[in-house]
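Remarks on the structure that follows.
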């Protein structure tokens with residue numbers, strides 16, 4: 001049977017030792033045994049976030065944590081700034097509007113990062129803003145934002161700084177506390193290399209003050225309930241036991257190597273893939289490319305979705321398509337989580353074969369050679 005390679009920016013491949021850990025017999029979650037596992041996983045995850053803040057785990061997709069970051073610190077009629085540079089930046093705004101929060105959008109061209117000075121200007125024009133919401137890696141455009149610089153702007157005022165780190169954590173550089181991030185949200189199926197189903201929120205002391213004045217409705221995603229449960233290293237509702245067991249194993253792997261080393265490794269794979277694309281006549285979509293995922297423009301006259309279908313059906317490699325107006329124009333290849341050197345090289349080989357079969361002219365093997373020089 002031919003080996004298949006999952007190169008999507010979530011879910012990412014789950015390494016065998018983590019899969020085996022999750023295959024062990026189920027245990028009950030209201031036990032000392034599980035609580036010890038959950039506590040160790042949470043404390044280990046703080047090292048990856050680089051935070052000493054509270055960190056809560058929800059049984060949900062990452063969007064649940066995004067919703068939690070809104071309903072716990074805001075009230076109806078509050079005003080927030082939302083940076084919209086892709087589909088997931090837009091999601092923050094959509095959730096906020098559903099709860100009656102006023103959104104001041106900062107729209108940036110897809111594939112570019114926001115200029116921090118634009119955010120500074122927006123804050124001056126809107127002195128009553130309660131929070132600034134943005135993304136670390138905008139997955140839909142494979143673009144990394146300068147969170148450190150934006151954090152410097154926001155830390156000078158009373159507004160909260162909220163970051164969607166769902167597809168960036170563990171691949172792109174991220175310093176939760178040093179960069180003055182008040183709430184960071186993440187999901188399990190990206191850089192943390194386990195299946196979908198867990199979401200996380202880090203919560204700063206500054207954010208806790210906002211929790212006390214928030215008047216938006218909340219039940220399942222209530223930070224106060226999770227804070228109280230954490231006193232017993234527990235969650236207020238049923239945990240995704242198997243996923244948490246897998247999370248503990250994944251975090252052990254990451255922290256044994258060191259998060260900075262893991263980020264550097266993903267960065268190397270991303271550079272190798274981009275150089276390979278350049279060598280075979282392709283161009284990268286983003287002007288600020290992420291180390292977790294690369295968006296690539298297809299050659300003129302070639303539909304990206306057709307190329308993706310060919311790669312999957314004939315060569316066993318799954319890339320992700322473009323979204324919204326980028327559909328059919330770009331494909332996306334991930335470099336995060338369980339994706340390693342073998343995945344990267346095999347994906348480049350398959351891409352070369354699929355492009356050649358589709359009529360694209362280039363020197364066969366040039367992509368692999370370019371990548372090998374980096375890897």
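The values are calculated or read from the model by the stated rules, or taken from the named source; none is laboratory data. Source: prediction; values computed, not measured. Backbone-built Cβ (ideal geometry, glycine too); neighbour counts: all protein chains shown.
Some observations on this one:
- Screening the candidates 221, 174, 200 for the property of being in contact (Cβ under 8 Å) with a residue 24 or more places away in the chain, assigned by TED's automatic domain parsing to the domain that holds residue 55 and not in a loop (DSSP other than H, G, I, E, B) yields one hit, 200.
- Some residue of region 252-267 being farther than 19 Å from residue 168 by Cβ, assigned to a helix (DSSP H, G or I), in contact (Cβ under 8 Å) with a residue 24 or more places away in the chain and under 24 Å from the mean Cα position of the chain (by Cα): yes
- Residue match in region 69-80 (condition: surrounded by fewer than 22 Cβ atoms within 10 Å (Cβ to Cβ) and in a helix (DSSP H, G or I)): no
- For region 351-375, residues that are part of a helix (DSSP H, G or I) and either touching a helix residue (DSSP H, G or I) at 6+ places or on another chain (Cβ under 9 Å) or surrounded by 15 or more Cβ atoms within 10 Å (Cβ to Cβ) (or both) total 15.
- Exclusive hit being touching a residue at least 24 places away in the same chain (Cβ under 8 Å), surrounded by 24 or more Cβ atoms within 10 Å (Cβ to Cβ), touching a strand residue (DSSP E or B) at 6+ places or on another chain (Cβ under 6 Å) and closer than 30 Å to residue 258 by Cβ, set 58, 49, 92: 58
- Evaluating residue 16 against the criteria (1) buried (at least 19 other Cβ atoms within 10 Å of the Cβ); (2) within 16 Å of residue 253 (Cβ to Cβ) leaves one unmet condition, (1).
- When every residue of region 115-127 is checked against the conditions, none turns out to be at positive phi, surrounded by 17 or more Cβ atoms within 10 Å (Cβ to Cβ) and touching a strand residue (DSSP E or B) at 6+ places or on another chain (Cβ under 9 Å).
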